[in-house]
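Take a look at the structure below.
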Amino acid sequence: MHSPTPFLPHVLQAFARLKSPALRTDQEAVLFSLKCLLAASLGLYVSLRIGLNRPFWVIGTVYLVSQPLSGATLSRGLFRLLGTVGGAIATVALVPRFANAPLVLSAALATWMALCLYLAMLDRTPRAYAFLLAGYTTSLIGFPAVMVPGDVFTIAITRVQEISIGILAATLVHGLVLPRRVSMRVHARVAAVLDDAERWTRDMRAGASNTVLATDRSKVAADLLELHVLSIHLPFDSAHGVAQVQILRALHDRMLDVLMLSSAVEDSVARLRSPQAGAMDATGWRDLLQASLTAQRAELDLAHADCRVLQAQLHTARPDWRLQVPDRLSRNAQGAMIHQDHRIAARSALGAFVGILLSCVLWIITGWSDGATAVSIIGTACVLFGTLEAPAPHVMRYLVGSCIGVAVGLLYGLLIFPTLSDIVGLIVALAPVLLLCGSFLARPPFIMAALGVVLTFPLIAGLGTTNTVNIVGALNSSVALFVGTAVALCSMQLFQTADAGRNRARLEHSIRRDIARHAAGQGGVTRAWLSRVLDRVGLLAPRLQGHSSAAHDLRALFADVRAARASNQLRALDKCLHNPQVRALHAALIESVAAHFRVRAHSARSVDIHLLELLDRMREAAAASSGADQGHLSHLLCGLRRDLLASPLTHRH
């Protein structure tokens with residue numbers, strides 16, 4: 001006879017499953033989907049109530065704007081509204097002016113869209129959404145109006161109304177119904193970033209491998225960019241948003257110090273432990289390096305403590321937070337400075353212009369009646385996906401979703417809509433598909449496919465005041481959709497897809513070039529320059545994965561960045577040197593370092609003997625001086641020598 005199975009362990013296992021991350025993600029997706037359905041229902045009711053004949057744009061806007069975080073929904077809605085209004089104004093200004101020359105009008109619209117894409121690629125934050133909307137709103141309004149320019153104003157006004165209703169509905173529902181605050185996500189990410197930073201500082205002191213430490217530091221650089229992106233939404237999240245943004249800027253600056261100090265401590269320890277380095281370093285250098293290491297460890301501990309102080313202030317977010325922290329944390333906070341690549345942005349914009357214009361030429365030559373729909377889809381895809389390095393997989397997912405949306409739309413238009421008689425029945429009928437799409441929209445791998453479904457099926461089904469589908473029109477729209485998406489895919493593959501290896505090499509070159517410029521006394525304020533360079537390092541690190549020299553190259557980059565900073569700081573000490581011979585020696589050293597990095601920007605180069613001799617003579621001169629900056633000068637020289645002797649970055653062609 002078997003003994004009865006204990007009941008309590010099964011209950012505990014059930015509760016443990018309820019707390020699992022996977023189930024929590026499912027619960028959040030279901031809640032997000034329910035709120036999207038409620039917002040879409042509200043927007044649909046209002047649009048039908050006031051007599052708009054294309055309410056499917058309201059539903060599409062709700063799902064485009066909605067984000068799991070309430071503050072992100074509000075900010076995204078505002079950026080979408082600004083972009084839509086800007087695109088509508090540009091379209092109304094261009095279409096009547098060039099109404100008698102369709103080809104010239106198409107070129108003007110393509111130029112505007114390319115400009116919007118260029119600006120969006122330079123701003124890698126949620127604000128870029130406004131530029132994208134200004135571009136593809138022109139595509140959705142302008143190209144259908146090329147053959148009927150007299151209707152452009154009516155179309156633009158209607159589109160702005162539909163999108164405004166969708167934005168308002170999404171903002172109200174996500175902001176009032178069980179809102180998820182951006183600040184909660186920020187608090188969680190800050191805690192994780194600080195925990196990681198403290199962990200790899202402990203690992204470094206325990207002798208962790210260089211590979212792990214280099215990867216961890218580059219990951220923190222990427223995490224800081226994520227916090228900067230989240231900070232864009234904070235002013236829309238609560239009344240404390242402005243103070244939280246200011247605190248995050250101060251935290252960002254202090255985390256840059258943690259990154260630099262941690263890498264400096266690691267390289268100092270490695271050099272002191274290396275027998276080969278010991279043979280090269282004179283006694284004076286080793287003593288100075290040991291003293292610098294002690295000071296930098298103390299600075300690193302202080303930087304970690306300052307980060308925790310700022311984290312505590314982030315939770316309270318008082319307007320007078322600057323009075324609650326040390327002066328070094330409250331003044332001149334720069335925040336994140338992001339990398340901008342004008343050449344890649346211009347290339348993508350030019351590719352979009354060429355693809356859109358060629359499509360317009362083919363449409364005008366063939367006289368296809370549904371060509372306007374196809375070209376508007378091509379323009380929308382070229383702008384919306386043009387910011388991605390490899391847009392083809394995302395377009396393919398959207399195309400798969402659109403195919404599903406066409407099938408679902410025909411099913412609704414032919415079988416379900418004819419049986420409905422009121423708004424309640426319409427919402428109930430739409431609910432299963434919208435709930436499913438909303439759930440997938442909360443899962444990043446399925447976002448494009450879910451958008452393809454939710455943006456396509458109401459259009460094909462003929463959702464409107466009468467809910468009647470024109471089967472011929474629906475089939476023609478479906479063909480135009482598939483043709484437009486396929487041509488957009490080909491266009492982006494030809495004109496807007498960049499080689500990943502070439503982009504990586506360009507990113508490496510931009511880092512080396514900025515290091516050389518900074519070592520030469522150019523490049524602006526040190527803090528802003530450091531933030532931009534480390535942002536590039538955060539972008540480069542994932543592209544180096546799989547390369548055998550990845551950890552070495554990341555470590556070399558940090559050493560070069562520190563050396564350029566030290567050279568720039570040494571340059572600023574020129575006015576403090578009163579001895580003419582020391583000043584001449586100082587000038588020769590600075591110029592030699594600048595020349596070293598000018599060469600190193602184009603090819604791997606180890607430090608030459610002449611530069612090392614200049615460092616030795618400058619150290620002796622600093623030791624013999626009695627100025628107030630003597631200690632600071634000696635530590636800068638020590639750090640510069642350590643970083644110059646680090647192995648150079650691997651150059652790839």
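The values are calculated or read from the model by the stated rules, or taken from the named source; none is laboratory data. Keep in mind the model is a prediction, meaning the values are calculated, not measured. Please note: Cβ atoms are built from the backbone with ideal geometry, for glycine as well, and neighbour counts cover all protein chains shown. To get the accessible areas, we keep the full protein, side chains included, count just its heavy atoms, and leave off ligands, DNA and RNA. Shrake-Rupley method; radii C 1.70, N 1.55, O 1.52, S 1.80 Å.
Summary table below
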item	result
Exclusive hit being crowded, with 22+ Cβ neighbours inside 10 Å, at pLDDT below 90 and more than 23 Å from residue 339 (Cβ to Cβ), set 148, 152	152
Segment 45-85, subset surrounded by 23 or more Cβ atoms within 10 Å (Cβ to Cβ) and of a type in the set (D, E, K, R), residue farthest from residue 165 (Cα to Cα)	76
Test for residue 265: is it in a helix (DSSP H, G or I) and farther than 23 Å from residue 562 by Cα	no
Selection from segment 416-453 of residues that are of a type outside the set (A, V, I, L, M, F, W, C), touching a residue at least 24 places away in the same chain (Cβ under 8 Å) and either part of a helix (DSSP H, G or I) or under 19 Å from residue 58 (Cβ atoms) (or both)	418, 438, 439, 452
Candidates 344, 338 - the one that is of a type outside the set (Gly, Ala, Ser) and either open to solvent by 40 Å² or more (accessible area, probe 1.4 Å) or part of a helix (DSSP H, G or I) (or both)	344
In segment 592-611, the residues that are assigned to a helix (DSSP H, G or I) and either loosely packed, with under 15 Cβ neighbours inside 10 Å or in contact with a Lys or Arg (Cβ under 6 Å, 6 or more places away or on another chain) (or both)	599, 609, 610
Residues within segment 106-129 that are part of a helix (DSSP H, G or I) and either of a type outside the set (A, V, I, L, M) or surrounded by 24 or more Cβ atoms within 10 Å (Cβ to Cβ) (or both), tallied	12
Breaking point among (1) open to solvent by less than 60 Å² (accessible area, probe 1.4 Å); (2) assigned to a helix (DSSP H, G or I), for residue 479	(1)
Failed condition for residue 97, given (1) touching a Phe, Trp or Tyr at 6+ places or on another chain (Cβ under 6 Å); (2) without any contact (Cβ under 8 Å) to a residue 40 or more places away in the chain	(1)
Failed condition for residue 426, given (1) open to solvent by less than 50 Å² (accessible area, probe 1.4 Å); (2) within 36 Å of the chain's Cα centre (by Cα)	(2)
Residue within segment 84-100 that is within 28 Å of residue 34 (Cα to Cα), at pLDDT below 95 and either of a type in the set (Asp, Glu) or under 28 Å from the mean Cα position of the chain (by Cα) (or both) present	yes
Tabulated pairs, segment 167-189, first basic (Lys, Arg), second in a helix (DSSP H, G or I) and surrounded by fewer than 16 Cβ atoms within 10 Å (Cβ to Cβ), C-beta under 9 angstrom, 6+ apart or interchain	180/28; 189/226
Candidate set from segment 435-476 (those that are farther than 15 Å from residue 407 by Cα and aromatic (Phe, Trp, Tyr)); member that is most open to solvent (accessible area, probe 1.4 Å)	446
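The rows are residues; the columns are (1) of a type in the set (Gly, Ala, Ser); (2) surrounded by 20 or more Cβ atoms within 10 Å (Cβ to Cβ).
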| site | (1), (2) |
| --- | --- |
| 220 | no, yes |
| 247 | no, yes |
| 259 | no, yes |
| 268 | yes, yes |
| 289 | no, yes |
| 294 | no, no |
| 302 | no, no |
| 312 | yes, no |
| 322 | no, no |
